[in-house]
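See structure below.
The values are calculated or read from the model by the stated rules, or taken from the named source; none is laboratory data. None of the values given here were measured: they were computed from a predicted structure. Note that each Cβ is placed from the backbone with ideal geometry, even for glycine, and that neighbours are counted across all protein chains shown.
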Amino acid sequence: MTVAQDAFHPHAGRPSADEQRRLAAVHRYQIVDSPPDGAFDKIASLAARIFDTPMATVSIVDSDRVWLKAAHGLKNIGETGRDPGLCASAILHAEPYVVSDTLTDPRAAAHPLVRGEPPVRFYAAAPITTADGYRLGTVDVLDTRPRHPTRNQLEALEDLAALVMDELELRLSALRTVAAERERRTDAERLARTLQRTLLPPALPSVPGLDAAAAYHTASVDEVGGDFYDLFPLDDGRWAFFLGDVCGKGADAAALTSLTRYTLRAAAIYDPDPCTALANLDTVLKGEYQGSTPRFCTAVFGVLDAVPDGSFAVTLAGGGHPPALALRADGTVEAISTTGGQLIGLLPDPHFVQAATRLAPGDALLLYTDGLTEARTASGAMLGEDGLAHHVSAHAARGADGLLAMLHGLFTDLGTGVSDDTALLVLSVPPGSALSPA
């Protein structure tokens, strides 16, 4: 297409329709005000060498200025006004534009580069033209003395302008690819976050004689983890709970978490024995991901049984998960170890380890995922299970909410040392609690 010579003048009011479309093409390539680029610098340098001129540029004509993407021999000039006579006039022509002596051309003679220092006396340009016919700017050569370029030089200048256009197309393709990938990731993460909201109970149920609290600490807003927990009633009056961590991040991890949570709930209805529940989950995960990359998790599954004296009998089983911590009323901390319990969903015939304890009035049970114990302290060392037990013991807290508040303070102290998501579940028996006789 051809852009009419009266398409735009900076003082003539609204640009014509053709000029508006040309400017849209300029903005499409997102080149104006972009950082320096060696490829364009080399093209300007090569143009100056071909013409044996002291100055050369790669220029883009914006709505009210001529912006220099590359400038050879022009110091401290990044842009000029959109004055007629040089580049602003050159984009009105489909072929190379030449002003052999700027002082003999009334439009060029008034240009600031001609009237400035060093005065430009010679100017030649080839338009940078898109595949759909829009001239974005020019590759220019400038000299302080009048010149008459050869046909071969002008053809070389056209080739350099075509190279600039190729670079812009490659750059635009890369920008679009990055944008598409970012959008794909954004959509996937948005879906995963929506899914993750269904993975955790919106609120824990009220258990007679027990205080329960849970929290989920996110290490990064850009990633969706796979930590999970739940607390729910069984048909026989007991209560089941679990906490765990699936492998991976993102949408795949969220989908695996969903499957894991609902499988454990269903398994508890069928048979609430902790080891049996984990074994059923193992079977489901292997069946779901058969023939594909194995997907696995760690978990602790437990059952609470209220005792008339106000305490709770706790039976729990672990599969590859850190031990639960029992915080006694006297301030001691006891690890309820399920060491030897193996990963769920990965091994041919995994072994799960069961343990039992009792929560008396004033006692609490803390379950956590390894994002907490793998966090780095100020010294660079991992907090570890012993460090967590020491911290909990040194900061005695009563009640589930108080214990969670203390742990939130620990996350603050660890700061950027926390590099993984962490789920926490606290079950505590209020001091002096006792169930009323039936």
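General observations
- Residues located in the stretch 90-127, provided they are under 14 Å from Thr138 (Cβ atoms), in contact (Cβ under 8 Å) with a residue 40 or more places away in the chain, outside any loop (DSSP other than H, G, I, E, B) and in contact with a Lys or Arg (Cβ under 8 Å, 6 or more places away or on another chain): Ala124
- Number of positions in the stretch 294-327 that are of a type in the set (Gly, Ala, Ser), buried (at least 21 other Cβ atoms within 10 Å of the Cβ) and farther than 19 Å from Arg265 by Cα: 2
- Filtered by the rule that a residue be out of contact with any Ser or Thr (no Cβ under 9 Å at 6 or more places or on another chain), of a type in the set (Gly, Ala, Ser) and outside any loop (DSSP other than H, G, I, E, B), the stretch 19-61 gives Ala24, Gly38, Ala39, Ser45, Ala48.
- Of the residues examined, Leu347 is one that is surrounded by fewer than 16 Cβ atoms within 10 Å (Cβ to Cβ), assigned by TED's automatic domain parsing to the domain that holds Val300 and either within 34 Å of the chain's Cα centre (by Cα) or small (Gly, Ala, Ser) (or both).
- Asp227 meets each of the listed conditions (1) closer than 18 Å to Leu365 by Cβ; (2) under 32 Å from the mean Cα position of the chain (by Cα); (3) at pLDDT 90 or above apart from (3).
- The residue pairs whose first member lies in the stretch 320-335 and is in the same structural domain as Phe242 (by TED's automatic domain parsing), whose second member is acidic (Asp, Glu) and buried (at least 20 other Cβ atoms within 10 Å of the Cβ), and whose beta carbons are closer than 6 Å, counting only pairs six or more residues apart or on different chains, are Arg328/Asp363; Ala329/Asp363.
- Residue in the stretch 143-163 that is surrounded by 20 or more Cβ atoms within 10 Å (Cβ to Cβ) and free of Cβ contacts under 8 Å to residues at least 40 places away in the same chain present: yes
- Under the condition of being in a strand (DSSP E or B) and either of a type in the set (Val, Ile, Thr) or over 20 Å from Trp239 (Cα atoms) (or both), the residues counted in the stretch 328-360 number 7.
- Condition check for Val164: farther than 20 Å from Val58 by Cβ and part of a helix (DSSP H, G or I): no
- Applying the condition of being of a type in the set (S, T, N, Q) and within 20 Å of Gly341 (Cβ to Cβ) to the stretch 274-293 and asking which residue is surrounded by the fewest Cβ atoms within 10 Å (Cβ to Cβ) yields Thr283.
- Inclusion of Asp64 among residues that are over 36 Å from the mean Cα position of the chain (by Cα), assigned by TED's automatic domain parsing to the domain that holds Thr104, under 19 Å from Thr102 (Cα atoms) and among the acidic types (Asp, Glu) is not warranted.
- Subset of the stretch 82-125 that is in contact with a Pro (Cβ under 7 Å, 6 or more places away or on another chain), among the small types (Gly, Ala, Ser) and closer than 23 Å to Ser16 by Cα - its residue that is surrounded by the fewest Cβ atoms within 10 Å (Cβ to Cβ): Ala94
- Screening the candidates Arg328, Arg398, Arg376, Arg358 for the property of being among the charged types (D, E, K, R) and modelled with pLDDT of 95 or more yields one hit, Arg358.
- Among (1) of a type in the set (Gly, Ala, Ser); (2) at pLDDT below 95; (3) touching a helix residue (DSSP H, G or I) at 6+ places or on another chain (Cβ under 6 Å); (4) under 19 Å from Asp62 (Cα atoms), the one test that Ala109 misses: (4)
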